[in-house]
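The values are calculated or read from the model by the stated rules, or taken from the named source; none is laboratory data. Given the structure is predicted, the values throughout are model-derived calculations rather than measurements. Quick note on the areas: whole protein, heavy atoms, side chains included, nothing else; ligands and nucleic acids left out. Shrake-Rupley method; radii C 1.70, N 1.55, O 1.52, S 1.80 Å.
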Amino acid sequence: ADVSKSFRHATGRLQWRGPPVAFNPSLGELDAALARLATHSRIACDTETEPGHGREDFDPEHDLLRCVALAAPDFGLTLGFRSVPKQPLPTLWRCPPELARERLRNFFARCRGGSIGPLLVGHNLNVYDRPILERERMPLPDYGLVLDTLPLSRNAWSELGHSLDFLMSWYTDAPKHKGRSGGGKVDHAAWESDRELHE
């Protein structure tokens, strides 16, 4: 896989093209984006967070939410709730945060899987993202209605790494996207702007 990807990279034949993404839209744009996403049978969900309360390590019971992203193959949406320097981002809020929370809360409630609503899919969504979104008043559907790809990855190929960043670069032509420091940990200072983090 590595050699094949190296050849494709060297010859300009990598196939990764990210979908268009609505970043911190206005309320009307948010409603339109959620309606567009709701037409898909599966929707990816991810969060970006930072350690809370002066902690160095990640803990879903204390971490702070930076942004929530939802995506289908043809379209994505990112809503920011906290900026890189740990301050709210009022200059980027084109939709009041409480209304954004309400819209996401209602959207998650409609994600039921199968024929009665889209299925939410995420990496470590049930273990890590769930308590954070719950604390932010945007609870996910019941466990059985959310597909968490982390346990699937561990069961399918236990010898591989299991971070979303690694798996994206392994299974697709997507570039690795997380800033890194020593030991494979995420470098929180690597992000130059909220926009870079949200992308």
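For the chain, with all protein chains present and a 1.4 Å probe, just round the carbon and sulfur fraction of the accessible area to a whole percent.
Working: 6220 of 10990 Å².
Accessible surface attributable to carbon and sulfur in the chain totals 57 percent.
Here are several values of volume of the Cα convex hull per residue in Å³: (1) 140; (2) 113; (3) 166. Which one was derived from the coordinates shown?
For volume of the Cα convex hull per residue in Å³, the calculated option is (1).
In the chain, what percentage of the DSSP-assigned beta bridges are antiparallel, given to the nearest 5?
Numbers: 14 of 23 bridges.
The antiparallel proportion sits near 60 percent.
Averaged per residue, what accessible area in Å² does the chain show with a 1.4 Å probe, protein chains only? Please report the intermediate quantities before stating the final value.
Details: 10990 Å² over 199 residues.
On a per-residue basis, the chain sits at 55 Å².
Report the gain in length on full extension from ARG110 to PHE166: 0.36 nm times residue separation, minus Cα-Cα distance, nm rounded to one decimal.
Details: separation 56, 0.36 × 56 = 20.16 nm, distance 3.05 nm.
This chain segment gains 17.1 nm when fully extended.
Summing -39500 (n - 2.57) over the DSSP H runs of n ≥ 4 in the chain and dividing by its residue number, what mean residue ellipticity at 222 nm do you reach, to the nearest 500 deg cm²/dmol? Let's see the in-between values first.
On the way: 7 runs with 61 residues, N = 199.
The per-residue figure over the chain is -8500 deg cm²/dmol.
So what is the relative contact order for the chain, in percent, with contacts set as C-alpha pairs under 8 Å and at least six apart? Show your work: numbers first, answer last.
Numbers: 285 pairs, mean separation 41.6, N = 199.
Contact order relative to length: 21 percent.
Residue separation times 0.36 nm, minus the C-alpha to C-alpha distance between TRP157 and ALA32: what's the value?
Working: separation 125, 0.36 × 125 = 45.00 nm, distance 3.85 nm.
Residue separation times 0.36 nm, minus the Cα-Cα distance, leaves 41.1 nm.
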